[in-house]
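The values are calculated or read from the model by the stated rules, or taken from the named source; none is laboratory data. Please read all numbers here as calculations on a predicted model, not as lab measurements. All Cβ positions, glycine included, derive from the backbone under ideal geometry; neighbour counts span all protein chains shown.
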Amino acid sequence: MTLLVPQSGAIPHPHPTALSQPFWNGLSRGELLFQRCDVCAGATHTPALVCAHCGARQLQWAPSTGRGSVYSWTIVWRPQTPAFTVPYVPIIVDLEEGWQMLSNLVGCAHDAVHVGQAVEVEFHPLTADITLPYFRPR
Amino acid sequence: MKDHPFHDVAIAGIHNTRQARVLEGHNGSSIAMEAALGAIADAGLTPRDIDGVIGGGGATDFVYQHRIGPVWRSMSGAGIPAVLEAASAIAAGFARTVLIAAGSAGTYTERAATAPWTRPANEFVVGFGMFTAAEFALIARRHMEVYGTTAESLATVAATIRNNGHVNPEAIYFGRGPFTPQDILDSRMIADPFHLLDCSMTSEGGCALVLTRADIARDLAQPPVYVLGGSTDHYGPAYQNPPSFDLDGRGDPRLVNGWVGRAAARTAFSMCGLRPSDVDVCEFYDPFSFEIIRQFEAFGFCGEGEGGAFVLDGTIEVGGRYPVTTDGGLMSFSHAGAQAQMLQRPIRGAQQMRGECPTRQVEGAAVALCSGGGAGALFTDVLLLGKERP
Ligand SMILES: [Zn+2]
């Protein structure tokens with residue numbers, strides 16, 4: 001059994017784009033943002049120019065509750081690069097507002113992960129500009 | 001079928017170079033050249049007979065070095081889309097004889113990490129340690145959760161394909177078996193549910209095909225192989241967005257990303273009036289064991305969620321009803337780079353149609369379904385090859 005913790009090594013960093021910068025700015029403030037459609041109220045992620053549900057261009061950044069459940073998971077034992085400590089647990093999270101994102105699970109035993117597990121976001125600064133959103137059981 | 005779009009097109013030449021974990025002294029261009037020359041010689045043609053090419057540097061180097069310009073050239077990559085595009089170009093009259101060539105060597109040197117083409121740099125995945133195996137694992141796990149698909153079913157697929165490679169002298173892992181499903185389950189875990197032996201290898205090599213007009217192919221060195229149908233399904237860029245089984249497919253639950261390839265298979269079958277039960281050989285793309293189970297469901301060989309049971313009773317072995325990936329595939333034959341390996345299923349499908357496979361030839365095979373891609377990468381390509389002219 002291994003207690004899952006955020007990566008502490010020199011892992012590769014995300015490079016935001018003009019489109020995604022508000023998402024990363026939100027994380028640095030401790031907010032998990034998604035895009036809400038003014039027309040159909042649908043949620044969109046990853047950051048996009050048009051609504052994933054109706055195609056409207058009227059998208060506004062909105063804060064998520066950061067609560068959700070595990071939709072799918074894997075436990076990685078052969079790291080992508082040696083900078084990653086194993087095991088780590090990539091998950092797809094179903095957020096309460098009806099969108100999905102990729103993350104890693106922390107704060108529990110690696111083998112406690114399961115589909116439907118209730119989770120909430122947890123923020124870990126990687127650099128001054130980049131904070132990664134992990135998820136822990138709630 | 002006189003009105004079939006590929007009635008007047010045939011695959012005339014095919015070639016795999018020697019495949020190896022590392023091919024000393026080669027780079028992508030040089031091994032693609034070997035592949036191209038091999039396929040042209042196989043057809044009984046010369047480089048001057050080529051008036052169209054598809055592929056990256058290898059193909060354009062071929063045009064220049066042989067001074068065969070002007071030729072028609074497509075910017076598309078390799079794999080099944082290239083075969084379909086070559087057939088279309090010939091049918092449309094852009095070219096008579098099209099070479100598809102790709103090669104990979106000397107690119108995977110940093111062995112402590114996973115292969116460079118499996119490591120996405122995208123901002124939404126890079127910090128979470130994602131690579132190809134983890135992407136496909138998220139698809140497989142969801143299917144296991146929803147349908148109860150078991151690790152034993154995955155292992156049975158891997159053992160079957162690896163055993164096809166075990167007896168194939170041209171496979172990189174020739175003689176490494178035989179494997180039982182338990183051997184697969186006993187190998188170390190890479191990305192749960194995938195053990196090491198559920199995963200494809202990485203390697204180097206070149207692959208090439210030559211397509212030409214059917215009336216030309218009739219007088220060449222090999223029995224012509226025909227393109228009965230095909231298409232491709234895409235859901236967006238690979239390895240950037242969550243690889244969700246339920247990624248929306250135009251609001252149709254039967255067309256979510258987990259069934260990627262279903263629409264392409266429907267198109268392929270409808271082009272020639274065939275159905276899954278008409279297929280004799282399933283040359284399915286095998287990046288990970290689960291992907292074979294998923295494809296049997298997506299392509300309509302069995303119902304949704306039935307793939308795990310479908311693969312258990314010998315059905316997918318040579319001698320069974322739907323033999324799968326008969327040369328050992330990406331797991332045991334070779335998995336060269338990002339492009340060359342995408343041509344392996346069409347090449348093996350053509351070998352099966354010619355009846356020339358030295359090992360695991362399916363007796364009397366007349367229809368082969370070849371595929372490429374997978375749900376973890378948000379795309380799947382489908383190609384139906386046949387012995388008889390459509
Ligand atoms: Zn909308």
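Scan segment B:122-136 and report the pairs whose first residue is at the interface with another protein chain (Cβ under 7 Å from one of its Cβ atoms) and whose second residue is in a helix (DSSP H, G or I), with Cβ atoms within less than 6 Å and a gap of 6+ or a chain change.
Pairs found: B:Phe131/B:Thr118.
Output the residues belonging to segment B:245-263 that are in contact (Cβ under 8 Å) with a residue 12 or more places away in the chain and of a type in the set (Gly, Ala, Ser).
B:Gly249, B:Gly258, B:Gly261, B:Ala263
Among the aliphatic types (A, V, I, L, M), more than 16 Å from the ligand (Cβ to nearest atom) and surrounded by 16 or more Cβ atoms within 10 Å (Cβ to Cβ): does that describe A:Leu19?
It is false that A:Leu19 is among the aliphatic types (A, V, I, L, M), more than 16 Å from the ligand (Cβ to nearest atom) and surrounded by 16 or more Cβ atoms within 10 Å (Cβ to Cβ).
Go through segment B:24-50 and count every residue that is modelled with pLDDT of 95 or more, surrounded by fewer than 19 Cβ atoms within 10 Å (Cβ to Cβ) and not in a helix (DSSP H, G or I).
Going through segment B:24-50 one residue at a time, the tally reaches 2.
In segment B:235-246, what residues are among the charged types (D, E, K, R) and modelled with pLDDT under 95?
Those that are among the charged types (D, E, K, R) and modelled with pLDDT under 95: none in segment B:235-246.
Residues checked against (1) among the charged types (D, E, K, R); (2) touching a residue at least 24 places away in the same chain (Cβ under 8 Å); (3) facing chain B (nearest Cβ under 9 Å):
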site	(1), (2), (3)
A:Pro79	no, no, yes
A:Gly98	no, yes, no
A:Ser103	no, yes, yes
A:Gly107	no, yes, no
A:His114	no, yes, yes
A:Glu120	yes, yes, no
A:Leu132	no, yes, yes
A:Arg138	yes, yes, no
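Are any residues in segment B:307-353 surrounded by fewer than 18 Cβ atoms within 10 Å (Cβ to Cβ) and touching a residue at least 24 places away in the same chain (Cβ under 8 Å), and if so, which ones?
B:Ala309, B:Leu312
For every residue, the table says whether it meets (1) surrounded by 22 or more Cβ atoms within 10 Å (Cβ to Cβ); (2) away from chain A (no Cβ under 14 Å); (3) more than 17 Å from the chain's Cα centre (by Cα); (4) modelled with pLDDT of 95 or more.
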residue	(1), (2), (3), (4)
B:Ala214	no, yes, yes, yes
B:Pro223	no, yes, yes, yes
B:Gly229	yes, yes, no, yes
B:Asp233	yes, yes, no, yes
B:Asp248	no, no, yes, no
B:Asn257	yes, no, yes, yes
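If A:Thr81 meets every condition in (1) surrounded by fewer than 19 Cβ atoms within 10 Å (Cβ to Cβ); (2) at pLDDT 95 or above; (3) away from the ligand (no atom under 16 Å from the Cβ); (4) assigned to a loop (DSSP other than H, G, I, E, B) apart from one, which number is that one?
Here A:Thr81 meets the rest and fails (2).
Is segment B:290-297 home to any residue that is of a type in the set (Lys, Arg) and touching a Leu at 6+ places or on another chain (Cβ under 8 Å)?
No: zero hits.
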